[in-house]
Structure formats: structure tokens, C-alpha cells
Amino acid sequence: MLKTIATLLTGLALAVPANAQQSFKVGVLTDMSGPVSTYSGAGSVAAAELAIEDFGPTVLGRRIELVVADHQMKADVAAGIARQWYENDGVEVILDVAVSSAALAVMEISAVVKKPVLLSTAASSTINGSACTPYAAQWSFDTYALSRGVVAAMAAEGAKSWFFITSDYAFGQDLEADMRNFIAETGGEVVGRALHPVNTQDFASYLLQAQGSGADVVVLANSGGDLVNSLKQANEFGISAGGQKLAVPLISVPQLKALGAGAIQGVVASNGFVWNHDDATQAWSERFHAKVGTMPADTQAANYSALLHYLRAVEASGTTDADTVMAHLRAHPIEDAVVRGGVLRANGSLEHELYLVEANPADQMTGEWDLVTVLRAVPGADAFRPLAQSACPLVAN
Amino acid sequence: MADILSMPLPVLMGQITLGLVTGSFYALLGLGLSIVFGLLHVINFAHGAFYMLGALAAWMLAQFLGISYWPALLLAPLLVGLMGVLLEKTMVKQLYGRDPLYSLLLTLGIAMMLEYGLLWKYGSAGMAFAPPPELTGALNLGFMILPVYRGWIVLCSVVICLAVWTLVHRTPLGRQMRAATEKPELTGLFGINVPQLRSMTFGLGAALAALAGVLAAPIYQVSPIMGQSLLIPVFAVIVIGGMGSVHGTVLAAYGIGLAEGITRIVFPEAAALAVYVVMVAVLLLRPDHRQRRF
């Protein structure tokens, strides 16, 4: 018995370093059970697995190994794991890093150790602005891109007055500030705002103010559970039924599903990917669905695209050197089952087509996941902040 | 008053009405917590989890068995109440007579296992739960739009608070429950099954939390962690109400609801803080207040 164990242990001791040398580690770092896991989490991991399936099991002759860790939405935990992965575990690239605070922390480490980080969920515009690094890419969108399309579309429908229900932290405030600029450009007017703390249960008071303001559009500039609660109650107070439009710049398909068709009618949002937009997105999404049991969120889909292109770039440039690989990514168009018309820009943001969507009325849905209709596709150049206006020091302005 | 706050009267009336709705909700949740503490001296940190289980049970009944909101309003609290009885019989009762800190830690552990276990299974986005068709729509009160469902919550809360107060203070069963707390040995000598009464009390507390959960399901996010953010303010409410007093809890709940509503007009950012400010004031001014019992 003892002998068997000893043999096994020796075997393991020999096998581990050999494997570590052979395998090519890619790490998905995300929130696995908190509020963001709905549009990142296990779905993000599954998307990375699909990318490895499509690319093939090896790169540069090494077997690709996917490692996963949960940062529990804490920036310090994320930074600790990132350091361990990059410096001790030989992880070549970190993906996803849901939530902007964690993403910004990991970006700093990635810049020091010179290994890439590809962000598919974090939406803060600081990531491609003052905090940009040559080793970070923001694969989905930022608050600027999310809000611009929504404002333009609603203004085109005649919206003149706006009311904000804003989550009182960096994301909500950035989103409101960006939207206010676009609203002013269209000649619209902001008639009021209500700030609420993060993790608010009851929005009745804010919704009452929004209703009393008589604004054409009520903007929900919040996320996660706050967004679900405020949308559910907006429906209860009859905001849409009363003729006001609801603008929700950041909402994913799994969240819409969780709200239920009755509660989301008339909601207008921006998405980076729509599962049934065309045959290619649909085929890819069916594969995702078979693995996860839900249709993909745009941010989960972006994780697939990011890893697939990273692996292709490594194979094509024959090295894991981050400068070479990132230069390759910036020099080649990003186009796959998920991303259309993608260009990775000097400030790290992936310019690509976004979709302005409206939630389908319950009686017009053709299936349980037929939740939104694409109002229009917004070309990347129109959706994202022009490089000339970027605050990123890497951009020569 | 409207002039003092430089607020149009309709806005003030609207916020006060909403304050009453919030208060009703606090009262329902505080009630179960309060009787469990008052009668069993257990600080039940699993109360938020029971509330969540109520909402989740209603969703499951609808999803898997096609049972509508109305039967669920009875069935879900019954199921969660039974689970409460089971937990009491197997675990909670081991800790009677010890420092309440032990039961606090035990129930906190139970809550975390329930919440994170279900989170692993169902994720955090939550489940869709539509209000029953009879209770949709909104009433125009002139100064505000009041959704019918909010009115229903106030009605339920008032009826249930009265019923529980009557049960505890005006029925033989209530007398036995109180006696079992004060003098368990003596009550036992009268041939009353004290352990049974205690299990029932814990079960009743759990069932009340679950009922609040079913009532909340159509308007709040139904998710495994929905009880977490609510537990702490409700604890503050029962501290203000005098830890374990039924009418104290109910009065405190409505008072806090109103205080929150008014704070929302004067200084909106501090609305969530109102409950704690009142709690600190009560504890400082009347430190013995919390020792008042049934």
C-alpha cells in the first residue's frame, strides 16, 4: 500500500513540472457567483472552452490549458490571483476580469509583467482612457459606446426630455455624464435625476419622481440587481404603459430573460452581440446553449472572440511575447462568429459593430429566448469614441 | 409642513404613502424575527434566507407544478414553516439556554449554506415572477399613481400583524407559548409539551418570513441573495421596537417606513441611513428599552 502511494507520489512529482512545461495556460478570472456571474461567470468559461475547441488543442506545439478563478468582485483578490498566475503559474493571458474595478487592478499588473489582459465584461471608459496600457484590450464596449447609440435612437424617435435614475458609483455617474453630453448634442433636455445607493431594494420613490417629471425617457443608469429591481418596479408603476420610454444602456439577454417578457416591454438597450442576429451568431449561440443552458450574454460571447484571436495571433507570430502578439492583434481585422468589423485600436478598445435593440412584446415572441429585436446595427466608427478624443496617453493626438 | 420642506404637497403625500408601504413590509418581516427572539431568545440570522425561500418556493410551485400565486401564498409559507420546524428540532434546540451568540452563529451558517447553495444552482440574475392578473394595474390617487399590488401589501401586512398579535396575546396557545419561555419547567409540569411549542414558534417565524417573500416576489428581484440586504434594516427595526415585542415591532416598522419616506424628500442620499440613526438614538436615550419583553 505504502509502496503504491510512494510510486504515485513520485509519478505526480515527475509529471507536474513536465506538464507545466508543455501546457499553454490561459486564465479566465471572473465573478463566479455574484451579481455579475449572470453575464460573465460560468458562461464566460464556456465561451473560452468553445474558442479552444475551434482553435484546436495546441498552440506553438503546447497543449492549451484553461484555468479559472473567482475574484468575488473584489479588486484586491483579483490583483492577487493575477500576480500569482502571471508570475508563478506561467499563465500567458488573463481573460474577462468582470467588473471595472477588478479590471483596472489587473491591468496595472499586466503592464508591469508585460503579459496581455483581454477584458470582455468591464465597461468603464477609463480602461481605454487615462488608464490605458499597451497590454490591455477592452473587447466588448465602454459606457461611451453603450449610451451613444441609445440616445441617438431615442432622439430620432422624438425624445426631448430625459430623467435619470442613476446608481451612485463610478459606473452610474460615468454613464450619466456621457449620456448628458449626447443629449445636449441632440438638443434634448435633462429634466431631473434621482441618485440611489448601490443595492437598493425599493425604487418606488425614484420612479414616482420620474413619473411626476413627465420626461419622455426615463434612463436606468444602474446595473446588476439594482437594474432588475428598478425595471421590475418600473413595470409595476406603469412607466411604459403611461407613454414614457425606458432606456437601459447596459442590459444583457440573460438578465432580460430573468425579468420575464411582461416586465421588459419597450426597453431600449445597446448590445455588443445578439444571439439570433444572423446564421453565424445563431449557430454559435446554439453551441453555447448546449453547454450552458442559456443563450449567451454579449459579454460572454466577447470572451470567445478575445481568446480565439489571441491564440491565432500567438500561432501566427510564433511567440508569446506580449508586444509582438498585441501588435499582431492591432494590425489584423477582428472578425468571427461573434464580432463584426472589429479593429483593435491603440487605446485598447475594440471598435466593432454594436446593436441597438428593443425588447419584444410578450405576444410577439417566437420562443423563450426571442427577447429582443435589433432596431439597427451601429457601425463601430459611429459607436465608439473617436481616437482623436481619447484621453489615452498611448494615442498620438 | 409642506411649506417648511419647500415641497409640493403631492410629492410629500406620495412619499408618505410609499413610506407606509415600506413600513408594511418591514412589519411583516420584523414580526417573525421578533417572536422568535421574544419567545425563544434566538437571534435568527436565517430569517432573510427564509424570506428568500418563500419567494423561491412560490416560483418553483409556479414553474414546476403550475400552481398560481394564490395557493402559493399559503403553500410556500407552509413548506418553509415545516422546514423551520425541522431545523429547530435537529439543530436550533441544542443551543437553548446558551448565550444567544451561539444560535446567531448557527443560523448565520444555515443562511449562508442555503443562499450560496442556491446561488450555485440558480445564479444571481434571478427568476421572472409576474404578479397575479387580479392585482396588476395602478390606482390614480390624484397626488400619485399607486400600483394596486402595493395596496395589497399594506392590506396583507395589517391583517397579519393583527392576527399574530391576537394569537400571541389573546389565545390559550399564545399564553402557553409565552409561559414556555418564562418558566419552561413549570409549564412542562402542567402537561404542556414545551419542545413542541418551541418548534412551532420557530416554524411560525419562518413561515411569516416566507409569506413576506411570496408577497415580495412580483415586485422585487427573486434571487438566492434577495434576503441579504433586507435582514440588517429589519434587525434595526426590531431593536427600535424593543427586541421581541409584537406591537413595538409593528409600530417601529411603520415609523421607520415614514421616516425613510420623509428623509427621501429632505436628503435623499440619507434615506437608507434613517433606520440606523433612529436605532442609535433609541439605544442611547433608552438603553433599557430593548430589554422589554412580552
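The values are calculated or read from the model by the stated rules, or taken from the named source; none is laboratory data. These numbers come from a predicted model, not from an experiment. Cβ placement follows ideal geometry from the backbone for every residue including glycine, while neighbour counts extend to all protein chains displayed.
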**Report entry** Number of the condition not met by B:SER103 [criteria: (1) part of a helix (DSSP H, G or I); (2) at pLDDT below 90; (3) touching a helix residue (DSSP H, G or I) at 6+ places or on another chain (Cβ under 7 Å)]
**Finding:** (2)
Query raised in the report: Inside region B:63-81, can you point out the residues that are farther than 15 Å from B:ALA216 by Cα, surrounded by 14 or more Cβ atoms within 10 Å (Cβ to Cβ) and in contact (Cβ under 8 Å) with a residue 60 or more places away in the chain?
Result: B:LEU78, B:LEU79, B:VAL80, B:GLY81
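Yes or no, residue by residue, for (1) at pLDDT 90 or above; (2) more than 8 Å from chain A (Cβ to nearest Cβ):
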{"residue": "B:GLU88", "(1), (2)": "yes, yes"}
{"residue": "B:ILE110", "(1), (2)": "yes, yes"}
{"residue": "B:GLY123", "(1), (2)": "no, no"}
{"residue": "B:LEU139", "(1), (2)": "no, yes"}
**Report entry** Residues that are in contact (Cβ under 8 Å) with a residue 24 or more places away in the chain, surrounded by fewer than 23 Cβ atoms within 10 Å (Cβ to Cβ) and assigned to a loop (DSSP other than H, G, I, E, B), drawn from region A:346-385
**Finding:** A:ALA346, A:GLU353, A:ASN360, A:PRO361, A:MET365, A:GLU368, A:TRP369, A:ASP370, A:PRO379, A:ARG385
Requested in this report: Go through region A:221-263 and count every residue that is more than 10 Å from chain B (Cβ to nearest Cβ), out of contact with any Phe, Trp or Tyr (no Cβ under 7 Å at 6 or more places or on another chain) and not in a helix (DSSP H, G or I).
Outcome: 11
Report task. Could you give me the residue pairs with C-beta distances under 9 Å whose first residue belongs to region A:222-233 and is at positive phi and of a type outside the set (Val, Ile, Thr), whose second residue is crowded, with 24+ Cβ neighbours inside 10 Å and part of a helix (DSSP H, G or I) wherever it lies, and which are 6+ apart or on separate chains? Result -> A:GLY224/A:GLN255
Query - Search result, residues across region A:181-207 that are closer than 19 Å to A:ASN235 by Cα, out of contact with any Leu (no Cβ under 7 Å at 6 or more places or on another chain) and part of a helix (DSSP H, G or I) - result: A:TYR206, A:LEU207
Requested in this report: Have a look at A:ALA111, A:ALA46, A:ALA51 and point out the one that is within 14 Å of another protein chain (Cβ to nearest Cβ), modelled with pLDDT of 95 or more and over 14 Å from the mean Cα position of the chain (by Cα).
Outcome: A:ALA46
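Among the candidates A:MET73, A:MET32, which residue alone is modelled with pLDDT under 95, more than 20 Å from A:ALA301 (Cβ to Cβ) and within 14 Å of chain B (Cβ to nearest Cβ)? Walk me through how you get there before you give the answer.
Values: A:MET32 fails: more than 20 Å from A:ALA301 (Cβ to Cβ).
So the residue among A:MET73, A:MET32 that is modelled with pLDDT under 95, more than 20 Å from A:ALA301 (Cβ to Cβ) and within 14 Å of chain B (Cβ to nearest Cβ) is A:MET73.
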Requested in this report: Please find, among A:GLY348, A:GLY318, A:GLY341, the residue that is in contact with a Gly (Cβ under 6 Å, 6 or more places away or on another chain) and either farther than 26 Å from A:GLY41 by Cβ or among the small types (Gly, Ala, Ser) (or both).
Outcome: A:GLY341
Report summary line: Counting only helices (runs of 4 or more DSSP H) wholly inside region B:177-294, the ones holding at least 2 residues that are away from every other protein chain (no Cβ under 14 Å) and buried (at least 21 other Cβ atoms within 10 Å of the Cβ) are B:194-216, B:228-240, B:246-266
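Being of a type outside the set (Val, Ile, Thr), in contact with a helix residue (DSSP H, G or I) (Cβ under 8 Å, 6 or more places away or on another chain) and either exposed (fewer than 13 other Cβ atoms within 10 Å of the Cβ) or closer than 28 Å to A:GLY225 by Cα (or both) is the requirement here; does B:GLY123 meet it? Working first, answer last.
Working: of a type outside the set (Val, Ile, Thr): yes; in contact with a helix residue (DSSP H, G or I) (Cβ under 8 Å, 6 or more places away or on another chain): yes; either exposed (fewer than 13 other Cβ atoms within 10 Å of the Cβ) or closer than 28 Å to A:GLY225 by Cα (or both): yes.
So B:GLY123 passes the test.
Results for (1) within 13 Å of A:VAL190 (Cβ to Cβ); (2) part of a helix (DSSP H, G or I); (3) free of Cβ contacts under 8 Å to residues at least 24 places away in the same chain; (4) aliphatic (A, V, I, L, M), shown as yes or no for each residue.
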| residue | (1), (2), (3), (4) |
| --- | --- |
| A:ARG148 | no, yes, no, no |
| A:ALA152 | no, yes, no, yes |
| A:GLY158 | no, no, no, no |
| A:PHE163 | yes, no, no, no |
| A:THR166 | yes, no, no, no |
| A:PHE171 | no, yes, no, no |
| A:ASP178 | yes, yes, no, no |
Requested in this report: Just name the residue that is surrounded by the most Cβ atoms within 10 Å (Cβ to Cβ) out of those in region B:141-152 that are in a loop (DSSP other than H, G, I, E, B) and more than 7 Å from chain A (Cβ to nearest Cβ).
Outcome: B:PHE143
Report task. Output yes when any residue across region A:187-195 is without any contact (Cβ under 8 Å) to a residue 24 or more places away in the chain and either out of contact with any strand residue (DSSP E or B) (no Cβ under 6 Å at 6 or more places or on another chain) or not hydrophobic (A, V, I, L, M, F, W, C) (or both), and no when none is. Result -> no
